[in-house]
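Remarks on the structure that follows.
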Amino acid sequence: MEGVLERITYANEETGYTVARVDTGRGAGDLLTVVGALLGAQPGESLRMEGRWGSHPQYGKQFTVENYTTVLPATIQGIRRYLGSGLIKGIGPRIADRITEHFGTDTLDVIEKEPGRLIEVPGLGPKRTKMIGAAWEEQKAIKEVMVFLQGVGVSTSIAVRIYKKYGDASISVVRNQPYRLAADVWGIGFLTADRIAQAVGIPHDSPDRVKAGLQYALSQSTDQGHCFLPEERLIADAVKLLQVDTGLVIDCLGELADDPEGVVREQVPGSDGEPVTAVYLVPFHRAEISLAGRLTRLMRSDGDRMPAFGDVDWDKALAWLARRTGAELAPEQQAAVRLALTQKVAVLTGGPGCGKSFTVRSVVELARAKKAKVVLAAPTGRAAKRLSELTGADASTVHRLLELKPGGDAAYDADRPLDADLVVVDEASMLDLLLANKLVKAVPPGAHLLLVGDVDQLPSVGAGEVLRDLLAGGGAAPGASDRGGGRATGGTVPSVRLTRIFRQAQQSGVVTNAHRINSGVPPLTTGLKDFFLFAEEDTEAAGRLTVDVAAHRIPAKFGLDPRRDVQVLAPMHRGPAGAGALNGLLQQAVTPARPDLPERRFGGRVFRVGDKVTQIRNNYDKGRNGVFNGTVGVVTALDTVEQRLTVLTDEDEEVPYDFDELDELAHAYAVTIHRSQGSEYPAVVIPVTTGAWMMLQRNLLYTAVTRAKRLVVLVGSRKALGQAVRTVSAGRRCTALDHRLAAAM
């Protein structure tokens, strides 16, 4: 059957399964439904499809496509529609009209063989004609890769990425070195590469396959926060994943350990004190050793870039500070201030309402009074903005501070340190091992480093639990006090934990309940003006109620903007009350489709102007200094001709995305609690349902509640809420930073 693809109504990026409407040219404007793996097909293209007829009980007659080829249209009307579909970058409906008017049925021949002649068309300059020619060539080359990958079940967006990575060598790499894809191409993990390898005939017990599988198992464990895996566990995981003999896995692991870029095996103390053979991916091993060494060197540094605080009259200094800020520090806050200004490395931790922010402001005020160069940073844009407002000084994200470049290298490092006497990093619980190592590398000898964060929150999304490791083991912190509610934590790094909740914070239901949850006591859900529970036992109904609360009830009662001020935080992505499903429902409620509103479908998602979105991978090539996982923004423009949409990020930077890069974006009306770390919102709505039973843990709920400035609404089951409060997260992550620090001290 032949027809013109009019529109795609559904596409699954993972499987390539597509539901589309096709015009077969039989008149009457009737469109036919076709289903199947229409990988790479674009609206406006003429398709020759092979398959079978069938009938769907709900949707009626439809054609199931088994394979298809693209047929270039022959009529002027077909050519005009084909070019105007947005398939070729730089050509929209108006320019398609002009080109076909000028060249008639020869249009496609001209673009193919003599693209320079496009300049004959009124209104087309050399720049636009060159772009159209290049886009045509790229489209043609991608089509060849698509045809090859079609039989392997690779999605359109991944095929485009393979082509962008390898160009003309794409087919050769896929055929001969499929496991390279897992390392080189974002979005292709071992499982996809393994499926491709199987399709091109790589044996099941190939050593290349086993080594790739071992590295994949380690990579998966770093995604779960581990810096290494015990050798026995890694071997068991790989045998289960690869379905091969244990002896083969052990042999291949030995070969990887002999490869300088493979893996590292090292004996480290286990959780019970007994030695464990740890297996690391090379970058994580290097980072852990480097971070421990550099922190130790910083703490022991002979020079001091803030010598004035070595013999300062603290009573006088604190009295001056009280006059300047209009408030006196509590004894434990004073201890923290002295610690930060006299110790080269210090940690300040504590829950909400305990005065961490005011303590940080006080440290910065005193340092500036002595003409110290203070550098402020946080892991996210929102946290950096908050730190800047708090201190009245510029603050940036850690990524921007270090000027991370493509590939992840930093402009500032040990050879070119930051020009700073004091470096303050807020929301330090979010620092993963790799980022913390890059940051500490850039702190100059003799400078002071203050890490501030709530150690009871969820650990970082990336591997490691740096803040917790710094507070583990070792002796008492110098200069810390036990008076008035603060206490020295017994870590290798000097530190103070603030525990006293200040009077004004005690009036907040959000703060009070955060501390109740952290202590294992259920939150109060009645009689408060800023903390509510909407009880609903059914998970699906709780999902719908969450949307109603976030999009309608909170805006109506509290006058908050549902897009800017209200954030839904879900324990998990999947399920009827998960972030994925809620995003679809919230988009319908907050940014519904309108005839005058341009939109772009990508996979199962539709992007519109006004959508709240988040970046889901680090991309060092985007924006001024890269755009990083967790960056949130709003879609401000969508151009179907240039095939580009623009996002205004929460760091006030406009970032363009080509349509084939939209898999880097996800909607952010609802996000998982893990992804919300470091952010603060006027109001949060948290679905707590039995559908998320495995994820319901105390530090997860505590992290969600502490994201709110003014208002928390829980939606769901009292049973699920009780489970979350009772359940302390099982087990520490596999890290050895605390042992390395203790050994070095």
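The values are calculated or read from the model by the stated rules, or taken from the named source; none is laboratory data. Because the structure is predicted, anything quoted here is derived from the model rather than measured. A quick note on method: Cβ atoms are made from the backbone with ideal geometry, for glycine too, and the neighbour counts reach across all protein chains shown. Ligands, DNA and RNA are stripped out before the accessible areas are found, and what is left, the full protein with its side chains, is counted by its heavy atoms. Shrake-Rupley method; radii C 1.70, N 1.55, O 1.52, S 1.80 Å.
Here are the numbers for the structure shown:
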quantity	calculated
So residue 394, is it open to solvent by 50 Å² or more (accessible area, probe 1.4 Å), closer than 26 Å to residue 622 by Cβ, without any contact (Cβ under 8 Å) to a residue 24 or more places away in the chain and under 20 Å from the mean Cα position of the chain (by Cα)	no
Test: residue in segment 291-309 that is crowded, with 18+ Cβ neighbours inside 10 Å and in a strand (DSSP E or B)	no
Within segment 318-329, considering residues that are in contact with a Phe, Trp or Tyr (Cβ under 8 Å, 6 or more places away or on another chain) and among the hydrophobic types (A, V, I, L, M, F, W, C), the one least open to solvent (accessible area, probe 1.4 Å)	329
Sole residue being open to solvent by less than 20 Å² (accessible area, probe 1.4 Å), more than 28 Å from residue 19 (Cβ to Cβ), in contact with a Lys or Arg (Cβ under 8 Å, 6 or more places away or on another chain) and at pLDDT 90 or above, chosen from 569, 645	569
Test for residue 388: is it open to solvent by 10 Å² or more (accessible area, probe 1.4 Å) and either within 25 Å of the chain's Cα centre (by Cα) or touching a residue at least 40 places away in the same chain (Cβ under 8 Å) (or both)	yes
Scan of segment 702-719 for residues that are in a helix (DSSP H, G or I) and open to solvent by 10 Å² or more (accessible area, probe 1.4 Å), ordered by number	718, 719
Unmet requirement for residue 594, which otherwise passes all of (1) of a type in the set (D, E, K, R); (2) over 29 Å from residue 696 (Cα atoms); (3) touching a residue at least 24 places away in the same chain (Cβ under 8 Å)	(3)
Condition check for residue 590: surrounded by fewer than 20 Cβ atoms within 10 Å (Cβ to Cβ) and either closer than 26 Å to residue 8 by Cβ or of a type in the set (S, T, N, Q) (or both)	no
Residue list for segment 312-332, restricted to those being assigned to a helix (DSSP H, G or I) and either more than 17 Å from residue 360 (Cα to Cα) or touching a strand residue (DSSP E or B) at 6+ places or on another chain (Cβ under 8 Å) (or both)	315, 316, 332
Boolean, residue 220 is surrounded by fewer than 16 Cβ atoms within 10 Å (Cβ to Cβ), within 23 Å of the chain's Cα centre (by Cα), polar (S, T, N, Q) and part of a helix (DSSP H, G or I)	yes
Lone qualifier among 612, 622 - being among the basic types (Lys, Arg) and at pLDDT 90 or above	612
Answer from 439, 435, 422 - the residue that is closer than 16 Å to residue 469 by Cα and open to solvent by less than 50 Å² (accessible area, probe 1.4 Å)	435
Filtered residue count, segment 168-188, keeping only those that are within 17 Å of residue 202 (Cα to Cα), open to solvent by less than 50 Å² (accessible area, probe 1.4 Å) and part of a loop (DSSP other than H, G, I, E, B)	2
Subset of segment 572-587 (residues that are surrounded by fewer than 20 Cβ atoms within 10 Å (Cβ to Cβ) and either part of a loop (DSSP other than H, G, I, E, B) or at positive phi (or both))	573, 574, 576
Answer residue from segment 251-268, given it is under 34 Å from the mean Cα position of the chain (by Cα) and open to solvent by 40 Å² or more (accessible area, probe 1.4 Å) and is nearest to residue 180 (Cα to Cα) among those	261
Positions within segment 671-707 being charged (D, E, K, R) and within 27 Å of residue 389 (Cα to Cα), in sequence order	675, 680, 707
Identity of the residue in segment 397-410, touching a strand residue (DSSP E or B) at 6+ places or on another chain (Cβ under 6 Å) and modelled with pLDDT under 90, that ends up surrounded by the fewest Cβ atoms within 10 Å (Cβ to Cβ)	410
Selected residue (criterion: modelled with the lowest pLDDT) from residues of segment 591-609 that are in contact with a Leu (Cβ under 7 Å, 6 or more places away or on another chain) and closer than 22 Å to residue 187 by Cβ	602
Unmet criterion (only one of (1) under 28 Å from residue 691 (Cβ atoms); (2) polar (S, T, N, Q); (3) in a strand (DSSP E or B); (4) open to solvent by 40 Å² or more (accessible area, probe 1.4 Å)) for residue 636	(1)
Subset of segment 269-290 [open to solvent by 10 Å² or more (accessible area, probe 1.4 Å) and either in a strand (DSSP E or B) or basic (Lys, Arg) (or both)]	269, 275, 276, 277, 281, 286
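For (1) farther than 18 Å from residue 351 by Cα; (2) at pLDDT 90 or above; (3) part of a loop (DSSP other than H, G, I, E, B), each residue gets a yes or a no:
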site: 450; (1), (2), (3): no, yes, no
site: 463; (1), (2), (3): yes, yes, yes
site: 468; (1), (2), (3): no, yes, no
site: 474; (1), (2), (3): yes, no, yes
site: 477; (1), (2), (3): yes, no, yes
site: 484; (1), (2), (3): no, no, no
site: 501; (1), (2), (3): no, no, yes
site: 514; (1), (2), (3): no, yes, no
site: 520; (1), (2), (3): no, yes, yes
